[in-house]
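What follows is a set of notes on a single structure, which appears directly below.
The values are calculated or read from the model by the stated rules, or taken from the named source; none is laboratory data. Quantities reported herein were computed from a predicted structural model and do not represent experimental measurements. Heads up, the Cβs are rebuilt from the backbone with ideal geometry, glycines too, and the neighbour counts pull from every protein chain shown.
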């Protein structure tokens with residue numbers, strides 16, 4: 001119950017309005033007052049009080065007409081309304097309740113009765129939480145009558161059923177408490193036990209609905225309508241106290257008024273629940289749209305980063321290839337320079353021998369020409385060596401175009417070994433080629449993969465006692481190239497990492513860490529595998545397997 005609630009008082013009499021204002025303010029309520037119904041409607045268009053106190057007799061529009069307008073508007077349909085009148089006629093009370101007022105109090109009833117009615121109406125606002133499920137639409141209101149099985153109770157059940165209610169009749173409070181727990185009733189009518197002025201049944205039921213936050217209406221039925229009896233019932237927790245001895249129609253009107261308010265509260269809660277569900281759905285839709293937009297932006301940024309990464313990787317691979325090419329060029333220059341110097345030296349010897357033979361006697365001339373012939377033969381050997389080197393270089397260059405073709409693998413390996421000769425130095429290279437020679441692949445399989453592996457092996461083994469074994473063969477649809485060395489080998493904890501970009505065991509400045517990463521990528525692009533094992537000679541064994549195409 002909220003004793004600081006805001007009350008809108010509609011009263012045309014200044015004297016009575018002042019008395020009511022003082023009474024409500026002493027009770028802790030906040031009061032706003034208008035003189036007529038028209039002004040009250042204008043006030044309700046701008047603010048919503050917690051309760052209306054309406055005089056039935058007003059200038060212009062009567063109080064019951066004001067209540068009907070208030071009940072027609074969804075925003076104020078469940079607003080608690082207490083109607084006051086100075087009339088004693090029951091038909092005035094009937095008209096007030098039929099219009100939609102929740103309770104009727106004669107002004108002569110006194111301040112205590114008016115305040116008790118106000119507090120009872122405000123207590124009903126504590127109905128079920130807004131998050132609970134809405135009541136079913138277009139259904140009979142469910143009433144539960146807690147009363148002994150007698151003629152009067154049977155007649156009341158019959159009258160309520162004729163009014164369109166679905167009525168259940170129980171004699172024990174246990175079934176009634178269960179109905180509150182299960183939200184199985186819209187209203188409970190309690191016939192209090194004779195001789196119980198404390199309204200014990202109503203108090204127990206109100207305690208249970210408070211604990212369950214239930215919005216069920218609670219009406220106490222008594223044998224009299226004395227003010228003391230009404231005050232006791234309202235204090236016990238009943239929403240209304242009605243005498244069974246009054247006019248039967250008035251009893252039904254009072255029950256109808258309180259049940260109507262309960263159903264209106266259910267409808268309001270259902271509307272609020274729908275609005276909340278719509279708001280949640282809208283918020284979720286907006287969140288999903290924002291998330292989709294952020295995801296699209298993140299994907300665009302990721303795509304840009306991936307493109308930049310691929311470009312950077314391509315540049316790094318190209319840099320590594322250029323570094324390898326630089327080493328090859330230096331080796332090739334060395335290989336060509338040796339026979340070239342040899343040829344130039346012998347060419348001078350031949351020139352001198354031919355010039356001397358022109359002026360020498362027969363014996364000397366024969367010796368000089370024989371010497372010149374020997375030197376020409378040596379020159380021919382040097383030129384042949386250069387020619388072979390150029391042929392292998394051209395073959396290597398053709399392998400570097402990246403196109404897939406049928407390649408003689410042993411012949412290609414020989415070309416690579418020729419180019420690596422300066423780097424190999426005195427390292428022994430043993431070649432064991434199987435009968436299968438041709439493989440459909442790109443030239444990078446040899447000039448990048450085999451070259452990098454052999455070059456790494458040459459750096460790992462002893463320059464004098466080093467030994468590298470290269471074996472090729474085919475079995476079970478796989479072409480195999482195996483490179484073994486007698487170096488220190490690769491520890492097991494590093495065998496997976498050696499294929500990572502920039503990972504190297506060499507000293508700083510001695511390697512980029514890209515050679516084996518490039519080799520791994522080339523092998524994977526062929527659908528093959530590359531593995532590192534322990535070689536028979538104690539060093540590393542690189543095994544490359546490439547599927548043969550039919």
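Observations
- Among the residues of the stretch 111-133, those identified as at pLDDT below 85 and surrounded by fewer than 16 Cβ atoms within 10 Å (Cβ to Cβ) are 126, 129, 130, 131, 133.
- Verdict on residue 79 being within 25 Å of residue 123 (Cβ to Cβ) and not in a helix (DSSP H, G or I): yes
- Applying the criterion of at least 3 residues that are under 53 Å from the mean Cα position of the chain (by Cα) to the strands (runs of 3 or more DSSP E) found wholly in the stretch 139-252 leaves 142-146, 166-170, 187-191, 217-222.
- Note on the stretch 30-70: residues that are free of Cβ contacts under 8 Å to residues at least 40 places away in the same chain and under 22 Å from residue 262 (Cα atoms) total 8.
- Residue within the stretch 17-29 that is buried (at least 22 other Cβ atoms within 10 Å of the Cβ), touching a helix residue (DSSP H, G or I) at 6+ places or on another chain (Cβ under 9 Å), in a loop (DSSP other than H, G, I, E, B) and assigned by TED's automatic domain parsing to the domain that holds residue 117 present: yes
Conditions (1) at pLDDT below 90; (2) farther than 25 Å from residue 270 by Cα; (3) out of contact with any helix residue (DSSP H, G or I) (no Cβ under 6 Å at 6 or more places or on another chain), marked per residue:
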| site | (1), (2), (3) |
| --- | --- |
| 139 | yes, no, yes |
| 146 | no, yes, no |
| 166 | yes, no, yes |
| 171 | yes, yes, yes |
| 174 | no, yes, yes |
| 196 | yes, yes, yes |
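- Extreme residue, modelled with the lowest pLDDT, among residues of the stretch 56-76 that are buried (at least 17 other Cβ atoms within 10 Å of the Cβ) and part of a loop (DSSP other than H, G, I, E, B): 62
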